[in-house]
């Protein structure tokens, strides 16, 4: 990812990255992408943003709330002294995206490491009819008979699963090394 002289990524650099775009799409969906890719510098109201990009204000609000829930937008409320109406002023926080991506990659890595350990430490059985997979303790509990169809459970070793997990872990660790530099 690109960094400026202060070792920070500009908002434009962040948004130009296809990984970031996919990340935002996963968060806000296709409907929210126009809002997500149109951050203003400084504070903006939902109405101003809707007018600026030509999107219904309800869609803008929905997207801003989702971004806020994911730590990518903040707001402050201002009460109009005459009318009593509350106005929400929104600030996009896309400088947080690289850190959030790194955090999620670390969680995925930890989860895959746990899964790899589970696969290595257990013996598995599968119903050839239902395709349901059981570890040894669960298979033993049902006396090696499928609880759904009564078929006998057979030993199951998923060819290459450990290697696939190891390969994905190596890819994640490589990406994390790049992000950490």
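FYI, it's all coordinate maths here, none of it is from the lab. Nothing here was measured: the structure is a model prediction, and the numbers come from that model. Here the Cβ is made from the backbone with ideal geometry for all residues, glycine too, and neighbour counts use every protein chain on show.
Values for this structure:
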item	result
Top-ranked residue of region 34-51 - restricted to ones that are part of a helix (DSSP H, G or I) and surrounded by 13 or more Cβ atoms within 10 Å (Cβ to Cβ), ranked as nearest to the chain's Cα centre (by Cα)	36
Residue among 133, 109, 120 that alone is out of contact with any strand residue (DSSP E or B) (no Cβ under 7 Å at 6 or more places or on another chain) and loosely packed, with under 15 Cβ neighbours inside 10 Å	120
So residue 126, is it in contact (Cβ under 8 Å) with a residue 24 or more places away in the chain, closer than 23 Å to residue 164 by Cβ and either in a strand (DSSP E or B) or in contact with a helix residue (DSSP H, G or I) (Cβ under 9 Å, 6 or more places away or on another chain) (or both)	yes
Top-ranked residue of region 72-99 - restricted to ones that are without any contact (Cβ under 8 Å) to a residue 60 or more places away in the chain and assigned to a helix (DSSP H, G or I), ranked as surrounded by the fewest Cβ atoms within 10 Å (Cβ to Cβ)	99
Matching residues, region 136-163, being part of a strand (DSSP E or B) and surrounded by 14 or more Cβ atoms within 10 Å (Cβ to Cβ)	153, 156
All positions within region 52-61 that are touching a helix residue (DSSP H, G or I) at 6+ places or on another chain (Cβ under 7 Å) and part of a helix (DSSP H, G or I)	53, 57, 59, 60, 61
